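Colleague: If you scroll down you'll find the structure; I have some questions about it.
The values are calculated or read from the model by the stated rules, or taken from the named source; none is laboratory data. Model, not experiment: these values are computed from the prediction. All Cβ positions, glycine included, derive from the backbone under ideal geometry; neighbour counts span all protein chains shown.
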Amino acid sequence: MATDAGKPIPRFPDGFVWGVSTSAHQIEGAVDEREPSVWDVFTGEPGRVKDGSTADVACDHYHRYREDVALLAALGVDAYRFSVSWPRVNSPGGLDFYDRLVDELCAAGVAPVPTLFHWDLPASLDWLERDTAERFAAYVSVVAERLGDRVGKWITLNEPAEHTLLGHALGAHAPGRRLLFDALPVAHHQLLAHGLAVRALRAAGARDIGIANSHGPAWAASEKDEDVAAAGFYDTLLNRLFAEPVILGEYPDGLGELMPGDVAADLKVIAEPVDWYGVNYYAPSLVGAPQGTDTEYGGLPLPAELPFSVREIEGRPVTDFGWPVVPEALTELLTGFRERYGDRLPPVVITENGCSYEGVDDQERIAYLDAHIRALHAASEAGVDVRGYFVWSLMDNFEWAEGYARRFGLVHVDYETLTRTPKASYHWFRDVLRAARG
Ligand code: IFM
């Protein structure tokens with residue numbers, strides 16, 4: 001990849017927040033100290049996770065959080081995005097863990113940024129049920145009551161698109177359903193849960209609330225009408241379906257008619273104003289008309305019935321996951337959002353960006369992050385109000401259906417000994433942060 005790595009990273013506006021992200025199920029371990037989640041059930045089913053692993057121990061962060069906070073402090077981030085495990089909060093002593101973690105972060109001068117749902121739904125619950133949204137709001141109130149004196153920034157949900165698509169439409173993630181378009185109520189109930197959570201957080205005094213949605217440009221495979229239409233549909237499904245209820249208070253392209261319940265009333269809840277909009281960005285997608293056969297892309301099973309197909313983007317380097325490296329698509333995505341939503345687009349925070357590569361001397365990761373931070377800066381220069389950037393991830397962790405085969409961390413984790421070793425990218429990012437403050 002052609003790179004400007006080595007040249008100073010341009011300056012972002014004052015108050016820009018630099019951070020790193022993780023999630024509970026991917027790092028905590030200590031599964032027997034909480035009730036089960038849908039992911040525990042899923043990983044217990046043969047063949048669901050490619051390397052047959054579970055997150056029972058993961059990085060054992062639950063017991064080693066002090067060491068991990070020390071790594072964050074030495075890295076020099078402003079903020080740490082982690083997720084709160086709903087099943088743990090439901091379990092005796094579970095909330096005490098987050099209390100200790102938040103105290104440790106505050107003492108280290110790192111702002112805690114909790115995400116309240118990152119896919120690990122209690123196993124007794126189901127997003128097909130509307131009631132799960134109400135229960136989520138009740139759980140959020142409990143967490144906000146306990147942590148709200150020390151937490152400023154909150155994130156309601158992580159990537160409801162992936163949880164709907166991978167977990168309920170395609171069966172590649174927990175809970176492993178293959179409902180295709182019958183999974184749409186799962187999207188609606190999560191969005192409703194987001195809106196109810198915003199209300200619950202406001203009631204607890206929170207003033208800095210966002211959501212972390214995954215987005216990426218959908219490029220048409222050709223100029224043919226059928227490819228352009230398929231790419232437009234894909235854009236609606238992955239981007240607009242999850243952005244527009246939150247930003248505009250409406251569903252795109254008549255999709256609201258397919259949602260359950262009193263959709264107009266629910267949209268008023270879903271559109272409760274947020275203070276910023278979180279974007280998880282990894283790569284664009286090249287989309288064309290269906291090809292009439294089942295395919296696989298980036299580890300995802302894509303059945304022939306879908307009204308689109310996802311193609312390889314040629315001529316680009318790919319990560320170990322096979323995802324193309326296209327930094328300028330981040331600029332395109334954000335300037336495109338700005339054009340689409342104008343002043344209704346809240347300030348943007350990149351809540352995840354990163355790549356999977358092996359090795360501790362991870363020069364490819366440095367090149368990837370460097371190029372994406374510059375692409376974010378280009379969006380800022382083009383008028384997008386960009387307020388922060390979080391690397392995915394602080395450390396290698398349980399990458400869902402891929403198990404431990406994909407390493408996204410700035411810190412290497414030896415899963416035998418649980419030894420943490422900062423990679424070259426950790427040292428590089430520390431220097432970027434120092435320079436940003438210098
Ligand atoms: O590891 C995941 C994370 O949980 C959600 N966003 C994408 C990451 C990389 O696949």
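Colleague: Just for helices (runs of 4 or more DSSP H) wholly inside the range 50-109: which have at least 3 residues that are more than 20 Å from the chain's Cα centre (by Cα)?
Modeller: 61-75, 94-108
Colleague: Can I ask one more? Answer yes if at least one residue in the range 333-354 is more than 18 Å from Asp320 (Cβ to Cβ), within 16 Å of the ligand (Cβ to nearest atom) and assigned to a helix (DSSP H, G or I), and no otherwise.
Modeller: yes
Colleague: So, one more: Do you know which of the residues in the range 145-157 that are touching a residue at least 12 places away in the same chain (Cβ under 8 Å) and over 23 Å from Val279 (Cα atoms) is farthest from the ligand (Cβ to nearest atom)?
Modeller: Glu145
Colleague: Shifting gears a bit: Within the group Tyr426, Tyr357, which residue is away from the ligand (no atom under 13 Å from the Cβ) and either in contact with a helix residue (DSSP H, G or I) (Cβ under 8 Å, 6 or more places away or on another chain) or among the hydroxyl-bearing types (Ser, Thr, Tyr) (or both)?
Modeller: Among Tyr426, Tyr357, only Tyr426 is away from the ligand (no atom under 13 Å from the Cβ) and either in contact with a helix residue (DSSP H, G or I) (Cβ under 8 Å, 6 or more places away or on another chain) or among the hydroxyl-bearing types (Ser, Thr, Tyr) (or both).
Colleague: Given the range 231-317, what strands (runs of 3 or more DSSP E) lie entirely inside it while holding 1 or more residues that are aromatic (Phe, Trp, Tyr) and in contact (Cβ under 8 Å) with a residue 12 or more places away in the chain?
Modeller: Answer list for the range 231-317: 277-280, 295-297.
Colleague: Inside the range 81-112, can you point out the residues that are in contact (Cβ under 8 Å) with a residue 60 or more places away in the chain and either within 15 Å of the ligand (Cβ to nearest atom) or of a type in the set (Gly, Ala, Ser) (or both)?
Modeller: Selection gives Arg81, Phe82, Ser83, Val84, Ser85, Gly93, Gly94, Ala111.
Colleague: Sticking with this structure for a sec: If a residue has to be buried (at least 20 other Cβ atoms within 10 Å of the Cβ), farther than 17 Å from Gly409 by Cβ and out of contact with any Ser or Thr (no Cβ under 8 Å at 6 or more places or on another chain) to count, how many in the range 43-61 make the cut?
Modeller: Result for the range 43-61: 1.
Colleague: Could you look through the range 389-405, keep only residues that are of a type in the set (Phe, Trp, Tyr) and assigned to a loop (DSSP other than H, G, I, E, B), and pick out the one that is farthest from the ligand (Cβ to nearest atom)?
Modeller: Once the filter is applied, the top-ranked residue is Tyr404.
Colleague: I would also like to ask the following. When the residues of the range 104-139 are narrowed to those that are small (Gly, Ala, Ser) and crowded, with 21+ Cβ neighbours inside 10 Å, which ends up nearest to Tyr62 (Cα to Cα)?
Modeller: Selected residue: Ala137.
Colleague: Now, a different point. If I ask for residues that are surrounded by fewer than 16 Cβ atoms within 10 Å (Cβ to Cβ) and either part of a strand (DSSP E or B) or in contact with a strand residue (DSSP E or B) (Cβ under 7 Å, 6 or more places away or on another chain) (or both), which ones from the range 415-438 would you list?
Modeller: Hit for the range 415-438 is Thr421, nothing else.
Colleague: Pick from Glu381, Glu328, Glu364, Glu352: which is closer than 20 Å to Ala212 by Cα and either acidic (Asp, Glu) or out of contact with any helix residue (DSSP H, G or I) (no Cβ under 6 Å at 6 or more places or on another chain) (or both)?
Modeller: When all the criteria are applied, what remains is Glu352.
Colleague: Within the range 202-220, identify whether any single residue is at pLDDT 95 or above and assigned to a helix (DSSP H, G or I), and answer yes or no.
Modeller: Checking the range 202-220: at least one residue is at pLDDT 95 or above and assigned to a helix (DSSP H, G or I).
Colleague: Which numbered condition trips up Gly342, out of (1) crowded, with 22+ Cβ neighbours inside 10 Å; (2) free of Cβ contacts under 8 Å to residues at least 40 places away in the same chain?
Modeller: Of everything listed in (1) crowded, with 22+ Cβ neighbours inside 10 Å; (2) free of Cβ contacts under 8 Å to residues at least 40 places away in the same chain, Gly342 misses just condition (1).
Colleague: Oh, and also: Residues that are polar (S, T, N, Q) and in contact with a helix residue (DSSP H, G or I) (Cβ under 6 Å, 6 or more places away or on another chain): does the range 70-83 have at least one?
Modeller: Yes, because at least one residue in the range 70-83 is polar (S, T, N, Q) and in contact with a helix residue (DSSP H, G or I) (Cβ under 6 Å, 6 or more places away or on another chain).
Colleague: Filter the range 158-211 down to the residues that are within 16 Å of the ligand (Cβ to nearest atom) and among the charged types (D, E, K, R), then identify the one that is nearest to Gly403 (Cα to Cα).
Modeller: My answer is Glu162.
Colleague: If you scan the range 401-414, which residues turn out to be free of Cβ contacts under 8 Å to residues at least 40 places away in the same chain and either buried (at least 18 other Cβ atoms within 10 Å of the Cβ) or closer than 18 Å to Ile9 by Cβ (or both)?
Modeller: Correct list: Gly409 only.
Colleague: Among the residues of the range 345-368, what is the count of those that are closer than 21 Å to Trp428 by Cβ and either of a type outside the set (Gly, Ala, Ser) or free of Cβ contacts under 8 Å to residues at least 40 places away in the same chain (or both)?
Modeller: Final tally of qualifying residues: 15.
Colleague: On to the next question. Which ones in the range 19-39 are away from the ligand (no atom under 16 Å from the Cβ) and either of a type in the set (Asp, Glu) or under 14 Å from the mean Cα position of the chain (by Cα) (or both)?
Modeller: Asp32, Glu33, Glu35
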